[in-house]
Amino acid sequence: MPCPPFAKRANATDKSVLMSSLPRMAIVVPVFDGAATLGECLAALLPGVADGDEIVVVDDGSRDGSAGIAEAAGVRIIRQAVNGGQAAARNVGVGATSGDVVLFVDADVVVAPDVIARVRQILATRAEIGAVFGSYDDRPRAGGVVSAYRNLLHHYVHQRGAAEAFTFWAGCGAVRRAAFEQVDGFDERPWRRAIEDIELGYRLRAAGHRLLLDPTLFCTHLKRWTLRSMLWTDTASRALPWTRLMIETPGAGSDLNLTLAQRLSVALVGGGLATGVTALVWPMLLWAALAAFGTVAFLNRDFYGYLARRRGAAFAAASIPLHLLYFVCSGVGFAWAWAGWAAGQRAPGTARRASA
């Protein structure tokens, strides 16, 4: 359904009333084998809680010492016997709390000292906002080119995203309980895993809620990426399910990773690779391949310049092949999703089921 326009910000009188009854916060941290980072995550959250706030850790079938770390921190813990995924864990956590606002924080994230207070104030003074989320900072903890590139890519994208968001991010994002319950929380179906927060954002928007991307709500990401985990995540855990979601939700928005420049880059990298292979037989096509990759470099020049300013020219140069692989993964996931959809459309009885 169409979303209403942004309401006017509260006037001074309204604001004083709102601030006199600040929303109670329920902080939900899902964890699965996150003992290496959970302690630091909780240590950053505890100083920001106020009377009436709650912190709940949902141990999603961990096989390490995650539960013990949560107990040592003095927060409430809910143990799940088997791993059901972050969507299910977050839903369990919300169901076990009563706060007016639910702040989701990943177990490998360290929030900035002001995040809880600022989320509370945003949702207390801006009644038109149903959910708000932030961004990784530009100081990722894990070393290595792959980890630094992948985390800085997320930072760069969120820093340049539109304030009026089309999606939600549960790495460090808050939603009003009433809005969350109105749309029945996170979708727990297996193929939604890794994009359950994006899908939640689509449903919140469809229900008439406004989503705010505040790029100054910072958190530090502690995750260490490998080339293998990056390729798998970008293909099977991001591009594939996100494309399926877009097929199901046409017109849902084109911000963050879905800008026109990013879509063109995916197409150009795919075309450049195909043309480059063909050039082994017809060498004259090599120029077309070079032109495609040159256009990709031009479309993403701001990002490469940012990497050079942040970590130096050598790091930026080393990141370019990783960025091209990112576009390859996006294209593979896109094609995979559409092929699956087309096969389903051609399956016997599909038309009858769709029209039933």
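The values are calculated or read from the model by the stated rules, or taken from the named source; none is laboratory data. Quick caveat: nothing in here was measured; it's all calculated off a predicted structure. All Cβ positions, even for glycine, are placed from backbone atoms using ideal geometry, and neighbour counts span all protein chains on display. The accessibility values were calculated without ligands, DNA or RNA, using every heavy atom of the protein model including side chains. Shrake-Rupley method; radii C 1.70, N 1.55, O 1.52, S 1.80 Å.
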ask   = Taking the Cβ of Lys223 as the center, what net charge do the other residues with Cβ under 9 Å away carry, scoring Lys and Arg +1 and Asp and Glu -1?
value = +1
key: Label-point separation in nm, Glu164 to Val281, each point 7 Å along Cα→Cβ   = 5.0 nm
Ile122 paired with Arg263, simple spin-label distance in nm, labels 7 Å along Cα-to-beta-carbon = 2.7 nm
task = Taking only protein heavy atoms into account and a 1.4 Å probe, give the accessible area per residue of the chain in Å².
result = 47 Å²
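Counting DSSP beta bridges with both partners in the chain, what percentage is antiparallel, nearest 5? All intermediate terms of the calculation are to be shown ahead of the outcome.
Working: 13 of 34 bridges.
Bridges in the chain that DSSP calls antiparallel: roughly 40 percent.
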message = If I build a Gaussian network model for the chain, linking alpha-carbon pairs within less than 10 angstrom, which residue out of His323, His221, His155 has the largest mean-square fluctuation?
response = His323
Cα-based helix-to-principal-axis angle, 260-278 vs the chain, degrees rounded to 10 = 30 degrees
Between 0 and 90°, nearest 10: helix 86-95 axis offset from the chain longest Cα axis = 20 degrees
message = Helix 313-346 against the longest principal axis of the chain: what's the angle in degrees, Cα atoms only, rounded to the nearest 10?
response = 90 degrees
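Relative contact order of region 12-126, please, whole-number percent, based on alpha carbon pairs below 8 angstrom and at least 6 residues apart.
41 percent
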³J(HN,Hα), Karplus 6.51/-1.76/1.60, whole Hz, each residue of region 58-71, x for Gly, Pro = 9, 7, 8, x, 4, 10, 10, x, 4, 4, x, 5, 5, 4
key: Surrounding net charge for Pro23, when Lys and Arg each add one and Asp and Glu each subtract one, Cβ distance under 10 Å   = +2
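Please report the relative contact order for the chain, taking Cα pairs under 8 Å with a sequence separation of at least 6, and give it as a percent rounded to a whole number. Provide the component values of the computation, followed by the final result.
Working: 598 pairs, mean separation 60.9, N = 356.
Over the chain, the number comes to 17 percent.
Would you mind getting me the FRET efficiency between Ala339 and Leu290? Use the beta-carbon distance for r and R0 = 30 Å, nearest 0.05.
On the way: r = 29 Å, r/R0 = 0.97.
E between Ala339 and Leu290, to the nearest 0.05, is 0.55.
Heavy atoms only, probe 1.4 Å: what % of the accessible area of region 151-256 goes to carbon and sulfur, would you let me know? List each step's numbers first, then the result.
On the way: 2250 of 4100 Å².
Carbon and sulfur together cover 55 percent of it.
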message = At 222 nm, what value in deg cm²/dmol follows for the chain if DSSP H runs of at least 4 each add -39500 (n - 2.57) and the sum is divided by all its residues, to the nearest 500?
response = -15500 deg cm²/dmol
